[in-house]
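A short reminder: the numbers here are calculations on the coordinates, not readings from a lab. None of these values were measured; they are calculated from a predicted model. Glycine gets a Cβ as well: all are built from the backbone with ideal geometry, and neighbour counts include every protein chain shown.
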Amino acid sequence: MKDYGSEAQCEEALVAARWSHGFECPHCSHKLAYEFRRRELRYWQCKACRHQVSLRAGTMMENSKLPLTTWYLAIYLMTQSKTNIAALAMMRQLGITWKAAWLMKHKLMEAMRQREENQPLQGSVRVDDAYLGGERTGGKAGRGSENKVAEEPCGRDCRI
Ligand SMILES: [Zn+2]
């Protein structure tokens, strides 16, 4: 919250993430632009081709009316959760509708998938145990459930 608690802080973080070496026109790659605001949104107009681009254009936040602070908090929740965070939990923690939380979650998961796609795991990789099943009702919950089958880790380093 100290670093991403205000809309202005999140705007600066997004500018830095998009154009870490300064603005670059997505249309003609020109580096100089006029900056302005329209309806609270930050825009750049290329000085060469006059192409206008908003801060959110071309990002997963492009068609969202949610504040950037909500997006950054969602990114934090998604990336800090050891287990998969449910859209219902995101809805409660972010104070947004379930539909908005579900959409946001899937956009973030897709962005994470795209980022990881070209970075396969390398070297020594350790895998935690996992339990499959649990669809039948009754019995104990969690690891000890007779409805689940343990997917045993191999117990040694696995080379990928
Ligand atoms: Zn341009």
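Give me P(r) over the stretch 1-62, computed from all C-alpha to C-alpha distances, binned every 10 Å, as integer percentages.
Cα pair-distance distribution for the stretch 1-62, in percent: 21, 54, 21, 3.
Could you work out how far apart the two model spin labels at LYS82 and GLN9 are, taking each label as a point 7 Å from the Cα in the direction of the beta carbon, and quote it in nm?
Label at LYS82, label at GLN9, 2.7 nm between them.
Considering all alpha-carbon pairs of the stretch 64-105, what whole percent are spaced by more than 17 angstrom? Display every interim value, and only then the final one.
Values: 141 of 861 pairs.
Value for the stretch 64-105: 16 percent of Cα pairs lie more than 17 Å apart.
List the lysines whose Cα sits under 26 Å from the Cα of LYS31, skipping any in the same chain fewer than 8 residues away.
LYS47
Plugging the Kirkwood radius over Cα pairs into Stokes-Einstein for the stretch 14-120, at a temperature of 37 °C and a viscosity of 0.692 mPa s, what D comes out in µm²/s?
Details: Rh = 15.5 Å.
Translational D for this selection: 211 µm²/s.
Straight-line reach from LYS65: which lysines fall under 20 Å, measuring Cα to Cα and dropping same-chain residues less than 8 apart?
Reachable lysines: LYS99, LYS105, LYS107.
Taking the simple approach of a point 7 Å from Cα along Cα-to-Cβ for both ARG18 and MET1, what is their distance in nm?
Taking the simple label geometry, ARG18 and MET1 are separated by 2.8 nm.
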